Each structure stands twice: as structure tokens, then as C-alpha cells.
Amino acid sequence: MFGLSWRKRWNPSGSLAIVTGASSGIGRELVALLIADGCRVIAVARRAERLAALTDQFGDRVVLLVGDVTDPRSVDEAIAIIERSGEGRLDLLVNNAGIGGIGRFDAADESRLRQIMEVNFFAPAMWCRRVIPLMRSNRDRHPVICNIGSVLGHCAVPLKSEYCASKFALHGLSDSLRTELAGDGIAVTLVSPSTTRSEFFDSLVGTDANQVSRSIGSWPPERVAQATLRAIKRRDNETILSLGGKSLVYTDRIVPALLNQILSRSVKS
Ligand SMILES: NC(=O)c1ccc[n+]([C@@H]2O[C@H](COP(=O)([O-])OP(=O)(O)OC[C@H]3O[C@@H](n4cnc5c(N)ncnc54)[C@H](OP(=O)(O)O)[C@@H]3O)[C@@H](O)[C@H]2O)c1
């Protein structure tokens with residue numbers, strides 16, 4: 001009786017999107033899928049040569065924005081691009097750019113926490129704040145803010161304290177904004193991938209080279225991007241990806257004390 005037929009879907013065709021972290025991994029794959037579905041994309045990342053490959057492939061369906069997501073000038077530039085396009089509206093923001101770090105909290109210096117929080121939390125918060133007016137004026141097209149979180153934004157594990165903190169913060173922001181923006185017709189979708197076989201582990205900050213990340217099963221970035229686009233089109237509130245990811249999150253919800261014990265034993269003092 002209470003089906004989901006009332007729920008508005010997001011339509012990529014003819015839409016304009018911003019995807020941060022578009023130079024590799026999940027972001028790059030998502031740009032390709034969005035463009036294949038008829039969307040135009042402003043692709044944001046720091047590595048110009050990687051972004052340039054997107055233009056080679058997709059021509060003027062993609063607009064490159066070489067910049068750091070933590071720099072307010074990158075948002076200014078994105079908004080200037082939207083205004084120059086003559087439409088002054090935005091249909092989708094994907095806050096995907098992210099970094100990680102592995103190692104004991106007490107052995108790291110303050111900069112690991114600061115860097116990870118800047119990229120994974122303060123930057124998405126800044127991008128959300130700045131684009132909300134462009135989405136509010138565009139409610140007929142059912143705009144979406146999609147934040148790429150992590151299963152570690154639902155269940156915290158040892159040796160990734162800064163990353164967990166940043167993704168829990170993004171989770172909280174997403175849940176709060178979702179209800180705050182519902183009346184404006186803006187959906188907030190939190191996508192929480194588990195381990196993904198991207199370049200993510202090649203650029204860990206403040207991390208010893210011998211640190212490894214263990215997880216059950218992993219997905220290729222294409223599969224994460226497909227699941228992300230599905231969640232965006234359905235304007236889902238949240239989606240937790242992969243069997244391993246779901247197992248971790250639901251074990252934590254059902255038997256948190258047991259999981260705590262298991263995780264504590266996994267750490268060598
Ligand atoms: N890989 C995993 O196991 C995993 C699991 C759960 C969640 N996630 C999340 O998924 C998202 C995408 O990660 P991925 O796996 O696709 O990793 P990735 O291949 O390393 O991609 C990260 C992207 O973020 C961009 N980026 C990083 N710092 C930036 C900055 N300061 N300014 C602008 N762009 C920046 C990188 O581009 P440039 O270096 O060119 O700037 C790159 O395009 C992240 O939010 C990550 O936390 C990943």
C-alpha cells in the first residue's frame with residue numbers, strides 16, 4: 001500500500017553535475033556513467049593530466065576544474081562555470097574526493113587528522129553549503145547531493161581513527177542535511193562503500209609503507225560507481241555496499257560488544 005511510487009527519481013539526461021575526485025577510482029568511473037546517461041559533468045581534482053584524459057574521451061560533455069577541494073576558490077570556479085553555462089542551476093553534487101591514513105593514533109602527529117578532516121569532511125561541507133542555493137532554485141528537477149562516505153562511517157575500526165572520524169562526521173552531516181533540505185526538494189544520499197580496488201591505498205597520508213588494510217572482499221571502482229548512480233537515481237537516503245561492508249556494519253549494530261572485542265584483539269600493542 002505504501003509503495004515508493006511517490007518518490008521522485010533523479011534523471012541524468014540533460015542534467016548538470018559536479019563530481020569531486022574525478023581523476024581516478026570511483027569518481028572517474030561515475031563521470032563516465034553520468035555522461036553515458038546524458039549528463040554534463042564538472043570534474044574536479046588536482047591532477048590536471050588525469051583530468052585531461054576525460055576530455056579526450058568525452059569532449060565537451062565534461063568541464064575540467066583543476067583544483068583542491070579544500071580551497072574555496074575551487075568552489076568559486078565551479079559556480080562561475082555554472083553561471084557561464086547560462087543555466088545557473090545544478091542538479092547533482094557528488095562529494096567523492098577523499099583520502100585516508102593508517103596507523104596508531106598516538107603515533108601520528110596532528111597533521112594526519114587535520115588533512116583527513118579537511119578533505120573528507122570540511123570540504124564536502126563547504127561544497128554543500130555553496131551549491132544549496134543553486135539546487136533550491138531548481139527543485140523541479142529533483143536535485144541530489146551525494147556524499148561518498150564509507151562503511152567506516154558506520155562502524156569504527158582501530159588504526160584508522162582519523163578516517164573513521166571524518167566519515168562518521170560526513171555521515172552525521174548527511175543525515176542532518178537530509179531532513180533540513182527535504183522541504184527544499186533536495187535529496188541527500190549517503191553512499192558507503194567498503195574496500196574498493198582504486199588508487200586510494202597508494203596515497204595514504206602519514207602512513208608507514210608497511211601498513212596494510214585488511215578487509216573481506218573488495219569491489220572494483222566501476223561496480224561502486226554503478227551502485228552509486230543507482231542510489232542517486234532513486235534518491236535513496238543511504239546505501240551500504242558489499243557483503244563484507246554490510247556484515248561489518250550490521251554486526252556492529254546487533255552485537256557491538258562482541259565486535260569491539262574482536263577488533264581490540266586484532267591490534268598488536
Ligand atoms: N578505496 C576504498 O577502499 C574506499 C572505501 C570506502 C570509501 N572510499 C571513499 O571513496 C572515495 C573515492 O575514493 P577512491 O577509492 O576512488 O580513491 P582514489 O582512486 O584515490 O580517488 C580519490 C580521488 O580524490 C581526489 N582527491 C584527493 N584529495 C583531493 C583534494 N585535496 N582536492 C581534490 N581532489 C582530491 C583524487 O584526485 P587528485 O589526487 O588528482 O586530486 C582522486 O581523484 C573517497 O571519499 C574514499 O574515502 C574508498
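What the table below lists for this structure:
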{"quantity": "Distance in nm between pseudo-label sites at residue 253 and residue 57 (7 Å out along the Cβ direction from Cα)", "calculated": "3.4 nm"}
{"quantity": "Rel. contact order, % - alpha carbon contacts under 8 angstrom, at least six apart, the chain", "calculated": "21 percent"}
{"quantity": "Neighbour-count order for 194, 266, fewest beta carbons within 10 angstrom listed first", "calculated": "266, 194"}
{"quantity": "Ratio of the Cα radius of gyration of the chain to 2.2 N^0.38 Å, where N counts its residues", "calculated": "1.00"}
{"quantity": "Ascending count of other beta-carbon atoms within 10 Å, so fewest first, for 146, 128", "calculated": "128, 146"}
{"quantity": "Ellipticity estimate at 222 nm from DSSP helix runs (n ≥ 4, -39,500 (n - 2.57)) divided over the chain, nearest 500", "calculated": "-13500 deg cm²/dmol"}
{"quantity": "The range 160-234: proportion of alpha-carbon pairs further apart than 14 angstrom, %", "calculated": "72 percent"}
{"quantity": "Residue-span extension gain [residue 175 to residue 197] - 0.36 nm each, minus C-alpha spacing", "calculated": "5.2 nm"}
{"quantity": "Three principal axis lengths of the range 66-199 [C-alpha, angstrom, descending]", "calculated": "50, 29, 26"}
{"quantity": "Max mean-square fluctuation residue, GNM over the chain, Cα-Cα springs under 10 Å, options 37, 106, 68", "calculated": "106"}
{"quantity": "Contour excess over end-to-end distance, with Cα ends at residue 262 and residue 182 and 0.36 nm allotted per residue", "calculated": "24.9 nm"}
{"quantity": "Centroid-to-centroid separation of the range 123-186 and the range 198-269 [C-alpha atoms, Å]", "calculated": "18 Å"}
{"quantity": "Partners for residue 246 among aspartates and glutamates (Cα-Cα distance below 15 Å; same-chain residues under 8 apart left out)", "calculated": "238"}
{"quantity": "Taking the range 1-144 and dividing mean pair separation by its residue count, relative contact order in percent (alpha carbons under 8 Å, at least six apart)", "calculated": "26 percent"}
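Only the coordinates and a few stated rules stand behind these numbers; no lab work does. Computed from a predicted structure; not experimentally measured. Every residue, glycine as well, gets a Cβ built from its backbone with ideal geometry; the counts of neighbours run over all protein chains shown.
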